[in-house]
1. Leu20 versus Ala67, label points 7 Å from Cα toward the beta carbon: distance in nm?
2. How much length would be gained if the chain were fully extended between Met122 and Ala86, taking 0.36 nm per residue of separation minus their Cα-Cα distance, in nm to one decimal?
3. Taking 7 Å along the Cα-to-C-beta vector as the label spot, tell me the Thr100-Met148 distance in nanometres, rounded to one decimal.
4. Any idea how far apart Gln6 and Ala33 come out in nm if each label point goes 7 Å out from Cα toward Cβ?
5. What are the extents of the Cα atoms of region 1-118 along their three principal axes, listed from largest to smallest and rounded to whole Å?
Amino acid sequence: MFEQPQPIKFKFFTPGVFILCLIALNGLAFIFARLVFGIGAVTNLNNLYPWGLWIGVDVAAGVALAAGGFTSAALGHVMHKEQFHAIVRPALLTAMLGYTFVAMAVAVDIGRYYFIWHPLVMWNPNSALFEVGICVMIYLTVLYIEFMPIVTQKLKDCIPYGKHPYYH
C-alpha cells in the first residue's frame, strides 16, 4: 500500500541550492549588522520613514503563511470535517513555522530586542506592537502545544518501552 523510503539518487547541493545558501548568508550578515549597528544602518529607516512600514511587511508575511494552518486545524479538529483531517499535520507545521518566523522578525525589527520579554510583565494597551507581541506569544504557545503530540509520537516510536535508561 505504501512505498518504502528510498535514498535520494541525485545531489542535494545543486547550483540553485548554492544560490539560496548565499542569499541566506547575506540575510544573516544583515541581521548581525542590525544587532550591532542598529536597524537604521541596514534599512535606512528613521523618524521620517518609520519602522512601522517595515514590521508590517514582516509580520503580515508570516501571519499570512500561518493563517492557513489555523484554518485547516479548525476545520479538521474543531468543526470535525473529516475530509480535511489528512492536511491538519502539515498545516500545523506550516502555521508553527509561520509564527516562529513572525516572532524572529519582530525580535529583529524592534528597537531594543533584548526587551522582547517586557510585554509579558509591563502591559501597554496603547501600543500597537503590544497587541502584536501578545498575540504572537499566545499563537506560538497554542501552536507548540498542538504540535507536541506529533513530536512525542515520533519520540515514543524511537525508544521501545522499557529500554529507556529512565526505566532501569
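Since every read-out is calculated from the coordinates, none of them should be taken as a lab result. Note that the structure is a prediction, hence the values are computed from the model and not measured. FYI the Cβ positions are ideal-geometry reconstructions off the backbone, even for glycines, and counts take in every protein chain you see.
1. With each label point 7 Å from Cα toward Cβ, the separation is 2.5 nm.
2. My answer for the length gained is 8.8 nm.
3. 1.7
4. Those two pseudo-labels are separated by 4.6 nm.
5. 59, 42, 23
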